[in-house]
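Report on the following structure.
Just so you know, all these numbers are worked out from the coordinates, no wet-lab data involved. What you are looking at is a predicted structure, and each value in this text was computed from that prediction instead of being measured. Quick reminder, even Gly has a Cβ in these numbers, built from the backbone with ideal geometry, and neighbours come from all protein chains shown.
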Amino acid sequence: MRPAALDYSVDNCTIARAMEILGEKWTLVVMREVFHGIRRFDDMRVRTAIPRQVLSNRLAMLVDTGVLRKVPYREPGSRERHEYRPTDKGLDIYPVLVAVAAWGDRYLAGPEGPPQIFVHRDCGAEVHAELHCAAGHAIASNRDVVSELGPGATLRQ
């Protein structure tokens, strides 16, 4: 049976659009650092070893797309510099990072375990990404999820 999705365009696919921002390796690494509280260019560069120009480009793109905002600061006797802080749009990447980390922890962590965990600020318990439907049902198996055409689907020309 031929999937109906073949008749529809992927030109307005929001997954593809999101991956234009998030799909490059260093983007989620930068967001990991920002969520760790490492928000200054030089600190990020030293901690991650991201090449200077790559980090500069990645930060500029994240600011241009509204994921991060620049906040000026000045060390005594130095010129003004900027910290990079998440916007609401940037904070909405947190569940993505938690899900990617969970996948990496499951399949790629060493025998000593994951190098980082995410915890609830209020109680200290670990945070996990979980799927729930709009009716509130927890999804027990990823096989219980199917992809369907949404209201923005358009027929191929």
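Some points to look at:
- Residue separation of Gln157 and Arg2 scaled by 0.36 nm, minus their Cα-Cα distance, works out to 54.0 nm of gained length.
- D_trans [Stokes-Einstein, Kirkwood Rh over alpha-carbon pairs] for region 68-157, 10 °C, 1.306 mPa s, µm² s⁻¹: 90 µm²/s
- Coil-residue GluC sites (Glu not before Pro) of region 96-157, DSSP, other Cβ within 10 Å capped at 16: Glu112, Glu130, Glu148
- Over the chain, dividing the summed -39,500 (n - 2.57) contributions of all DSSP H runs of at least 4 residues by the number of residues returns a 222 nm mean residue ellipticity of -11000 deg cm²/dmol.
- Region 9-144, relative contact order [Cα under 8 Å, separation at least 6], %: 14 percent
- Cys13-Trp103 FRET efficiency (beta carbon distance; Förster radius 22 Å; 0.05 resolution): 0.55
- q = 0.21 Å⁻¹: log10 I(q)/I(0) that the Debye formula gives for region 9-144, counting C-alpha atoms only: -1.42
- Dividing the C-alpha radius of gyration of region 1-85 by 2.2 N^0.38 Å, with N its residue count, gives 1.47.
- Neighbour-count ranking [beta-carbon atoms within 10 angstrom, fewest first] of Met1, Met19: Met1, Met19
- Among the trypsin sites (Lys or Arg not before Pro) in region 97-150, those located in a DSSP loop and surrounded by at most 15 other Cβ atoms within 10 Å of their own Cβ are Arg121.
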